[in-house]
Amino acid sequence: APVTEQELIASLPAGFRWGVATSAYQIEGAVDADGRTPSIWDTFCRVPGAIDGGDTGDVACEHYTRMPADVALICELGLDTYRFSVSWSRVQPYGTGPANPAGLAFYDRLVDELLAQGIDPWVTLYHWDLPQELEDAGGWPARDTAYRFADYSMLVFDALSDRVNTWTTLNEPWCSAMLGYAYGVHAPGRQDFPAAVSAVHHLLLGHGLATERMRAASPRKIDIGITLNAATAYPASDAEPDLEAVRRADGMGARLYLDPLVHGRYPADVVADLAEQGVELPVQDGDLATIAAPIDVLGINYYFSQKFTGFGEDGRTVDADGRPVTRTLPLDRPRTAMDWEIVPEGFTDLLVRIGRDYPGLPIVVTENGAAFHDVPDAAGFVADADRTAYFTSHLAAVAAAIRQGADVRGYLAWSLLDNFEWAYGYDKRFGIVRVDYTTQARIPKQSALHLKELAERHRAR
Ligand code: GBH
């Protein structure tokens, strides 16, 4: 049964984090400022047809110049944690060589501003914006990029680790690898499945190398982790082909990352599926031990879940190429503006399952949120009952997971601001704060005020 707000507040542990997240390319703008060089997203946005409306991150929310006011906003909303990402090509132009002091200085000021307002800074080192030079040298399918990432991570770590306690290496490596190199819908826009599978391994290797080096360099206790996108895959029926479709979807979407990170081995069934397609993970001696370097926190980004079937529309279980069918079917739920179905129990099931299959790993929800068709009133205020209900039902889903044994330590809403929603441009709004892209005015939505109230009630209980 769905839990009430009262029950959800009672179920969340003491010290539970209440926060909000963003990423560099989605909000900063100022793409040429202070020595920043182009990332793969600057390039991809120039490909005709790649981004809805031809939008780019050139200006975005002008967070680069409006940062102090944005931090003040987080403080006003009573949130205790801010997760942001660092633009690699800002702090290390061209992806190699020494740090760019002017670029690093922005994050230095941001961290100081957050601390001055009593907000805990949480750094994500990589949220999809690879320096273009490194893509030109092969990108994530090239092994060298993993070493470049570890070097870059240390530049940021050396500058900020005296004040930043929580570090995420990568945001959603599945997206970087699959959306970027296999499906071609994200930068760099390639459609090469074997290259994408190499990218998976090199992203995980980069995570492991950076984790080992940050850990070794840290004189004090810090929390290091990675953020994965994940969901619950439901079978359309108990028929063998449907269960197989779930196994494959969950294998490629979740276990391909969780198993090496936690257990130090790739899932044998997924490796076999890949081999059947003539594709191999480019593992070298020692890589898996590096990838399994101990982490302190697992970040989970959750948006929605799906139902899978192994039967094609024609009822057959193989497609024209003789490959097994893996197809999604509607769960017949209300949808967000992204056309994503709203499935809060998929969140509970996911968190409980991760707690069971990968025990001993504290989880923080590093993103959860929804885009809706916001309608501002004359004053620019958005009474977003739909987004408010989304947050409440998903927080209740987290509370339910905790009561079933999942070790969830915090919840960060996606996102602080309406922002550049990647291939969808500015048309899709995920913010708890409305951004007027003409004036750059920020106005908290009803959902922001509701999160503020829930956080206050939880703290005061
Ligand atoms: C997050 O990605 C990003 O971290 C964030 O930057 C972004 O703004 C936010 O979500 C909102 O999109 O149907 O095959 O794509 C989430 C991307 C979208 C990845 C749903 C998994 C489901 C599988 N997720 N996707 S598929």
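No value in this document is a laboratory result; all are computed from the given coordinates. What you are looking at is a predicted structure, and each value in this text was computed from that prediction instead of being measured. Cβ placement follows ideal geometry from the backbone for every residue including glycine, while neighbour counts extend to all protein chains displayed.
For D377 and D58 in the same chain, what is the full-extension length gain: residue separation times 0.36 nm, less their Cα-Cα distance, in nm?
The span from D377 to D58 would gain 112.1 nm if fully extended.
With each pseudo-label sitting 7 Å past Cα toward Cβ, what's the D357-L243 distance in nm, one decimal?
1.5
Within the P(r) computed for the stretch 180-274, what percentage of the Cα pairs occupies the region above 18 Å?
In whole percent, the share of Cα-Cα pairs in the stretch 180-274 beyond 18 Å is 59.
Can you give me the Cα centroid spacing of the stretch 207-249 and the stretch 4-29 in angstrom?
20
Rounded to the nearest Å, what's the spacing between the alpha carbon centres of the stretch 366-427 and the stretch 323-346? Just the number, please.
Taking the Cα centre of the stretch 323-346 as reference, the centre of the stretch 366-427 is 17 Å away.
Under the 0.36 nm per residue contour assumption, what length would be gained going from the current alpha-carbon distance of D162 and A10 to full extension?
51.3 nm
Suppose only helical runs count, i.e. DSSP H with n ≥ 4. What mean residue ellipticity at 222 nm does that imply for the chain under -39500 (n - 2.57) per run, divided by all residues and rounded to the nearest 500 deg cm²/dmol?
-11500 deg cm²/dmol
Taking only the alpha carbons of the chain, what extent do you get along each of the three principal axes, in Å, biggest first?
57, 54, 47
Mind checking the full-extension length gain between V279 and D319? Use 0.36 nm per residue of separation minus the Cα-Cα distance, one decimal, nm.
12.5 nm
May I ask for the distance between the Cα centers of the stretch 145-181 and the stretch 95-120, given as a whole number of Å?
Result: 15 Å between the Cα centres.
Could you tell me which GluC sites (Glu not before Pro) in the stretch 282-365 are loop residues by DSSP with no more than 10 other beta carbons within 10 angstrom of their beta carbon?
E313
For a label point 7 angstrom out from the Cα of D34 toward its Cβ, which stretches of the stretch 65-81 have the backbone nitrogen within less than 20 Å?
Within reach of a label on D34, which here means backbone N under 20 Å from a point 7 Å along Cα→Cβ, the stretch 65-81 contributes 65-74.
Taking the stretch 107-182, which trypsin sites (Lys or Arg not before Pro) meet the DSSP loop condition and have no more than 14 other C-beta atoms within 10 Å?
Hits after loop and neighbour filter: R163.
Mind listing which trypsin sites (Lys or Arg not before Pro) in the stretch 1-51 are in a DSSP loop and have 14 or fewer other Cβ atoms within 10 Å?
Here the sparse-neighbourhood loop sites are R46.
To check my understanding: the extent here is largest minus smallest coordinate of the Cα atoms along each principal axis. What are those three numbers for the stretch 211-260, in Å, largest first?
54, 15, 11 Å, listed from the longest principal axis down.
Quick check of the Kirkwood formula: for the stretch 352-413, what is the inverse mean of 1/r over all pairs of different Cα atoms, in Å?
Roughly 13.4 Å, rounded to one decimal.
Pairs of alpha-carbon atoms within less than 8 angstrom and 6+ residues apart define the contacts here; what relative contact order does the chain have, in percent?
After rounding, I find 18 percent.
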